[in-house]
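Undergrad: The structure follows.
The values are calculated or read from the model by the stated rules, or taken from the named source; none is laboratory data. It should be emphasised that the depicted structure is a prediction, and the values quoted were computed from it without experimental measurement. Neighbour counts run over all protein chains shown; Cβ positions are idealised from the backbone, glycine included. Areas reflect the complete protein model, heavy atoms only, side chains present, ligands, DNA and RNA absent. Shrake-Rupley method; radii C 1.70, N 1.55, O 1.52, S 1.80 Å.
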Amino acid sequence: MFESVRLRLTLWYAGVLALSLIAFAFVIYYAAGNVFHERQDESLRSTAQTVVSAYVEEIGEAHSLAKAGQVVLAEITFPNRYVQLIDNDGKPLAASANLAGASISVPATTLTASRARGFSFATVNGLRVAVVPLATEQGLGYAAVAEPLSVIEEGLKELRRDLFAGVPLVLLLASAGGYFLARKSLAPIASMNSQTQRISAENLSARLDVTNTRDELGHLASTINDLLARLESSFKEQQRFIADASHELRTPLAVLRGETEVALGKTRTVAEYQQSLSLIQEEAESLSRIVEDLFILARQPISTRTALRKERVSLNDAMRDCARAAQVLASRKGVRLKLETDSPAVALNGDEELIKRMILNLLDNAVKYTPPGGDISVGLTSQNGDARIVVTDTGIGISAADHRRIFDRFYRVDKARSRRLGGAGLGLSIARWIAEGHDGSLSVESALGRGSSFTVELPLGGLAQKTI
């Protein structure tokens, strides 16, 4: 039960509200008690001053302290209050009938304070007493008016009863409202959860409903939709990759199987067996290249430099090694390959194996699509902290419409020609990934019948150029 976010929010809300209400009730209770006591004191003082005024007026007519006191207390009565006239020593002179012969013992300090301030208060035997001098100049005594403290206690008791009944009621109503609001606020999340559970690999195109794009839940739904879009794109790309890889592996495997069945179908001459084995060797080499390319592409989603080995690489040495390897292929086809390395040696931090693989892929691509008698050049320059590797050929060229797609996996401009030349459409894709993995770029300039020029730009990573 407590695993529900809605219930936990309601409990937190009810707990905080309960503490707030209890604190508020305590403040109200004690503030009300202080107000009740202040009002009682003020009322008692006002009553005492009324008695003093009547007494002073009556003594002027009766010319007798005792008689004046009896007359005043007989004429003026106050329910639930006791009135007593006392002399300067605190002895009773007269008292209201409700005292029934009892007297109020007022401390001498209270009398002294009353004479100095004009009034004073004291608590005596459960009574709150206000004392006011009968006259400021003459020593006529004091008027004392008292009221039981139980009057205040009754008011506070009623307030406590109201608070004990009201606080739980308010807390209950507020908690019910909080639960309703939490349920209503979390309803979109429950809806998103239900919609998300219905999304699988078969319907990655489905999206969550976004009711309000400006609030937090709308932002969450939009973020999930963006995630689903990326997953859908990655899933489709993976499906295309698997389909293309299967298609590329199917042809050489079919050739291997067919040629093996033919060779084993009947007894053949040595020359025929050699011819079959040569064909099987070529197809096995083609399979090996494709598998090796697929192995490299398996690393491609990790496109950060942390996926690459970092070591000091001399681009001049790498260029010479790759040109030497590609010279063999170029010579077989009758293509001239020229290496331009007149610039000072350039070094950077990177993966030497992958950098060589990138250059070899570009040179291999140039040899494949350059007819016999053509020219290929590869050069290295450095400018503004970047190294530029340019591979130029006089081959068949690439149309402008195919410039963007030639770096896609398994894409070939002329599939029949590419298959005949042994290409699987992975070389340029791998080359671009390697360049981007080194924070660089690979671009092409080409036109049909005018050859192609591939340019790799690699940042030197702050390493200074050094002449080796």
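Undergrad: Probe radius 1.4 Å, ligands and nucleic acids left out: which of Thr196, Thr10, Thr109 has the largest accessible area, and how do the rest follow?
TA: Order by accessible area, largest first: Thr109, Thr196, Thr10.
Undergrad: Continuing with the same structure: Order the peptides 148-156, 235-243, 322-330 from the highest to the lowest mean number of other Cβ atoms within 10 Å of their residues. Can you show the working numbers first?
TA: Details: 148-156: 14.2, 235-243: 12.1, 322-330: 17.6.
So the peptides 148-156, 235-243, 322-330, ranked by packing, come out 322-330, 148-156, 235-243.
Undergrad: Using +1 at the Cβ of each Lys and Arg and -1 at the Cβ of each Asp and Glu in the chain, identify which of Leu99, His438, Ala221 lies farthest towards the dipole's positive end.
TA: His438
Undergrad: Using the Cα centre of the range 127-168 as the reference point, and only Cβ charges (+1 on K/R, -1 on D/E), how large is the resulting charge dipole? Debye, rounded to the nearest 20.
TA: Numbers: 4 positive and 6 negative charges, 31 e Å.
Charge dipole, the range 127-168, about its Cα centre: 140 debye, nearest 20.
Undergrad: Enter the accessible area per residue of the range 139-235 (Å², integer; probe 1.4 Å; all protein chains in place).
TA: Accessible surface, normalised per residue, equals 63 Å².
Undergrad: Between Ala187 and Ser150, take the C-beta separation as r, use R0 = 51 Å, and let me know the FRET efficiency to the nearest 0.05.
TA: 0.40
Undergrad: Would you please classify the overall shape of the chain from the alpha carbon gyration tensor, given that a ≥ b ≥ c denote the square roots of the eigenvalues, rounded means a/c under 1.5, and beyond that prolate means a/b larger than b/c while oblate covers the rest?
TA: prolate
Undergrad: Next up: Extension gain Arg450-Asn34, at 0.36 nm per residue separation less the Cα-Cα distance, in nm? Could you put the intermediate results ahead of the total?
TA: On the way: separation 416, 0.36 × 416 = 149.76 nm, distance 10.16 nm.
Length gained between Arg450 and Asn34: 139.6 nm.
Undergrad: A further question follows. About the Cα centre of the chain, how large is the charge dipole given +1 on each Lys and Arg Cβ and -1 on each Asp and Glu Cβ? Please answer in debye to the nearest 20.
TA: On the way: 52 positive and 52 negative charges, 425 e Å.
Its charge dipole is roughly 2040 debye.
Undergrad: Let me know the shape class of the range 342-393, please: from the alpha-carbon gyration tensor, a ≥ b ≥ c as square roots of the eigenvalues, rounded when a/c is under 1.5, otherwise prolate if a/b is greater than b/c, or oblate.
TA: Working: a/c = 3.27, a/b = 1.64, b/c = 2.00.
It comes out oblate by the Cα gyration axes.
Undergrad: Once you charge only the Cβ atoms, +1 for Lys and Arg and -1 for Asp and Glu, what is the size of the charge dipole of the range 70-174 about its Cα centre, to the nearest 20 debye? Walk me through the numbers before you get to the answer.
TA: Details: 8 positive and 9 negative charges, 41 e Å.
Its charge dipole is roughly 200 debye.
Undergrad: Could you give each residue of the range 376-381 its phi-based ³J(HN,Hα) in whole Hz, using Karplus coefficients 6.51, -1.76, 1.60 with θ = phi - 60°, and x for Gly or Pro?
TA: Values, residue by residue: 10, 10, 10, x, 10, 9 Hz.
Undergrad: Can you list residues from other chains, or at least 5 along the same chain, whose modelled amide H is less than 5 Å from the amide H of Ala95?
TA: Leu85
Undergrad: Hey, can you grab everything whose amide H is under 5 Å from the amide H of Ala387? Only 5+ residues off in sequence or another chain; H modelled, so Pro and N-termini drop out.
TA: Leu458, Leu460
Undergrad: Only helical DSSP H runs with n ≥ 4 go in: add -39500 (n - 2.57) per run for the chain, normalise by residue count and round the 222 nm mean residue ellipticity to 500 deg cm²/dmol.
TA: The helix-only estimate for the chain comes to -19500 deg cm²/dmol at 222 nm.
Undergrad: Thr381 versus Asn212, label points 7 Å from Cα toward the beta carbon: distance in nm?
TA: 6.0 nm
Undergrad: Whenever you get a sec, compute what percent of the accessible area on the chain sits on carbon and sulfur atoms (1.4 Å probe).
TA: On the chain, the fraction of accessible area on carbon and sulfur atoms equals 56 percent.
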